[in-house]
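The values are calculated or read from the model by the stated rules, or taken from the named source; none is laboratory data. What you are looking at is a predicted structure, and each value in this text was computed from that prediction instead of being measured. Reconstructed Cβ throughout: ideal geometry from the backbone, glycine too, with neighbour counts over all protein chains shown. Accessible surface is based on the protein model in full, side chains and every heavy atom, while ligands, DNA and RNA are left aside. Shrake-Rupley method; radii C 1.70, N 1.55, O 1.52, S 1.80 Å.
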Amino acid sequence: MFTKSDIEKYFIAEKQESMFFLVIGLIAISLSAYFYFVHKAPFQKGLAIPILLIGFIQAVVGYTVYDRSDRQRIDNVYAYDMNPSKLQVEELARMKTVNHNFIVYRWVEIACLTAGIILVVMFCKEDTNRFVLGVGTGLAIQAAIMLTADFFAERRALWYTKGIEEFLQIK
């Protein structure tokens, strides 16, 4: 049976993972600056570009989810007892969108991982295109991190959505 405790667990886990995203994003941004401005070798300059771009996304998404998690947790725990229709009208609709978005993210991340791997395979034995090898390596690493994190987030979101649906059928 889906309880208020389940809502709490979902949003606490979301907040924890978003903090992980924020930290990973900030580390990635710092690393990319180091690679691009300090190390300056072609491979590291190439590596810096996807690490910076995806790191920026990780930091922004991490902060955004972290910032709103407590508010959403409180609102939905309150709605559980006081306004279950709000769970149906707002939260269930939001979660269906979130779940759909995870499918889109997965395919984008798989495409980025594949592109990164292809670049690494194509340029790993060439000394002339170390920059492109760096781009491919950075893209593959960041895509793998995102794919892994989103795998767990998607599983959690599906579990939470199913719980809301079961709760609404009981009430």
Could you pull out every whole DSSP H run in the chain that spans at least 30 Å of Cα extent along its own axis and averages 0.5 or higher on the Kyte-Doolittle scale?
4-33, 93-123, 130-170
Per principal axis, descending, Cα span of the range 54-129 in whole Å:
65, 21, 11
Radius ratio Rg over Rh of the range 128-168, counting only Cα atoms, Kirkwood formula for Rh
1.42
Stretched out fully, how many nm does the piece from Val121 to Thr3 gain, at 0.36 nm a residue minus the Cα gap?
37.6 nm
Evaluate the distance, in nm, between pseudo-label points positioned 7 Å from the Cα of Glu90 and of Leu26 along their respective Cα→Cβ axes.
3.0
Using the scaling law 2.2 N^0.38 Å as the reference, what is the normalised Cα Rg of the chain?
1.27
By accessible area with a 1.4 Å probe, ligands and nucleic acids excluded, highest first: order of Thr128, Thr161, Thr137
Thr128, Thr137, Thr161
What whole-number volume per residue, in cubic angstrom, does the convex hull of the C-alpha atoms of the range 82-171 give?
80
Here the averaged projected area of the range 1-43, based on the convex hull of its alpha-carbon atoms and given in nm², is 3.8
What number in nm² do you get for the range 1-97 if you take the convex hull of its Cα atoms and divide its surface by four?
7.1
